[in-house]
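The values are calculated or read from the model by the stated rules, or taken from the named source; none is laboratory data. Please read all numbers here as calculations on a predicted model, not as lab measurements. Note that we place each Cβ from the backbone using ideal geometry, even for glycine, and neighbour counts take in every protein chain shown. Just so you know, the surface numbers come from the protein's heavy atoms only, side chains and all, with ligands and any DNA or RNA stripped out. Shrake-Rupley method; radii C 1.70, N 1.55, O 1.52, S 1.80 Å.
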Amino acid sequence: MAGSIIKMNEAVDLINKSNEGYDQSQRWSFLKGLKIVKGKECDCSSLCGAIAKLSGYPVDISGTFYTGNIAAKLKAAGFKVLKYTNLAAVKVGDFLVVPGRHVEYVYSTDKFFSAHIDERGKASGGKAGNQTGKEVGFRPPYNHSSGWVYIVRPPEEKKPAAAKPTATTKAKRKVGEKVSFAELWTQADGGKKVKAAVKSGKITRVKTGAAHPYLVGNGLGWLSDKEIK
């Protein structure tokens, strides 16, 4: 499964609904394999690592994984590490990192998402789950008091290859040619086949590549070679 910003935002939505709290000593209790466990605990780095991991990026969250090495861990998974300049340079899908201090995920142009502090304003020891509604959640874009150091940006998403044009049968007839028919199509592509009230007419337009490329009369209907007698 390839990662994407859409999938990271979907992971955020799931986590945000799961009542996760903040506790550095229980920071991985909210994640079991690749499943979110409701009402447990995380911290900013375990949360942001999980956002990337759950969305399909090959991030190694094993062993020591914290704000001091999250930029390097994400870089190894294909992310680009940039020096932070200002909030105007930040894009949706970025992670903002102060090594050893904090990391936030950029959910939208007006929302950051992360784990912040427990219900007592401490790093650990509180009750499981989001007791205040603010232990884990969204906040408006802001500059960290220590100053953001890195913007960690997801790899550019590959655009699907453009479909190769299919070969089309060259039209055999030309504008001005008089033809006879018993049925007509209501559209050049698709539409319905109907009985013709008028049984003959001149081709007034040829739409190359269409299923029924010949327009008869002043919008009378469309024909393919099959309908022409």
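Please give every one of the aspartates and glutamates within straight-line cross-link reach of residue 193, meaning a C-alpha to C-alpha distance under 12 Å, and leave out same-chain neighbours fewer than 8 residues apart.
183, 227
So how far apart, in nm, are the two label points at residue 158 and residue 187 if each is 7 Å from Cα heading toward Cβ?
Calculated label separation equals 3.3 nm.
If one takes the longest principal axis of the Cα atoms in the chain, at what angle in degrees, from 0 to 90 and to the nearest 10, does the Cα axis of helix 44-54 lie?
Helix 44-54 sits roughly 30 degrees off the main axis of the chain.
Report, in degrees rounded to the nearest 10, the 0 to 90 angle that the Cα long axis of helix 5-16 makes with the longest principal axis of the chain.
That helix lies at roughly 50 degrees to the long axis.
Could you tell me which of the pairs 7/32; 40/83; 83/127; 53/83 are separated by over 28 angstrom between their Cα atoms in the structure shown? Don't skip to the answer; put the middle values down first.
Details: 7/32 18 Å; 40/83 33 Å; 83/127 37 Å; 53/83 23 Å.
As for pairs spanning more than 28 Å Cα to Cα, those are 40/83; 83/127.
If you take log10 I(q)/I(0) by the Debye sum over Cα atoms at q = 0.08, 0.15, 0.17, 0.18 Å⁻¹ from the coordinates, which of [x] -0.31, -1.20, -1.56, -1.73; [y] -0.26, -0.93, -1.19, -1.32; [z] -0.49, -0.89, -1.11, -1.22 do you get?
Structure-derived value, by its label: [z].
Give the cross-link partners of residue 174 among the aspartates and glutamates, using a straight C-alpha distance below 13 Å as the criterion and excluding same-chain residues fewer than 8 apart.
In chain and number order, the partners are 225.
For the chain, what does -39500 (n - 2.57) per DSSP helix run (n ≥ 4), summed and divided by total residues, give at 222 nm, in deg cm²/dmol to the nearest 500? Could you put the intermediate results ahead of the total?
Values: 3 runs with 30 residues, N = 229.
About -4000 deg cm²/dmol.
Quick one: go through segment 47-74 and flag any residue whose amide nitrogen is under 14 Å from the point 7 Å out along the Cα-to-Cβ line of residue 34.
Within reach of a label on residue 34: 50-61.
Ignoring ligands, DNA and RNA, please state the percent of accessible area on the chain from carbon and sulfur, probe 1.4 Å.
On the way: 6850 of 13020 Å².
Exposed carbon and sulfur together represent 53 percent of the surface.
If you put +1 on each Lys and Arg Cβ and -1 on each Asp and Glu Cβ, how big is the dipole of the chain around its Cα centre, in Debye rounded to 20?
Values: 38 positive and 20 negative charges, 316 e Å.
Using only the charged Cβ atoms, the result is roughly 1520 debye.
Too long at a 19 Å Cα-Cα cut-off: which of 172/229; 192/226; 17/111; 80/134; 73/122?
Details: 172/229 14 Å; 192/226 15 Å; 17/111 16 Å; 80/134 30 Å; 73/122 27 Å.
Those over the limit are 80/134; 73/122.
Given a 1.4 Å probe, how much area per residue of the chain is accessible, in Å²? Mind dumping the intermediate values first?
Working: 13020 Å² over 229 residues.
So the chain comes to 57 Å² accessible per residue, rounded to a whole number.
Starting from the residue with the highest accessible area, list 204, 109 in decreasing order, probe 1.4 Å.
Numbers: 204 70, 109 125 Å².
My answer, sorted largest first, is 109, 204.
What ³J(HN,Hα) values, in whole Hz, does the Karplus curve 6.51 cos²θ - 1.76 cosθ + 1.60 give for segment 145-150 when θ = phi - 60°, with x put for Gly and Pro?
Result, rounded to whole Hz: 4, 8, x, 4, 9, 10.
Can you figure out the FRET efficiency of residue 89 with residue 138, using R₀ = 25 Å and their beta-carbon distance, to the nearest 0.05? Each step should come with its number before you reach the end.
Working: r = 21 Å, r/R0 = 0.82.
In this case the efficiency is close to 0.75.
At 0.36 nm per residue, minus the direct Cα-Cα distance, what do residue 180 and residue 122 gain on full extension? Give it in nm, one decimal, please. Can you show the working numbers first?
Working: separation 58, 0.36 × 58 = 20.88 nm, distance 8.64 nm.
Stretched out fully, the residue 180 to residue 122 stretch lengthens by 12.2 nm.
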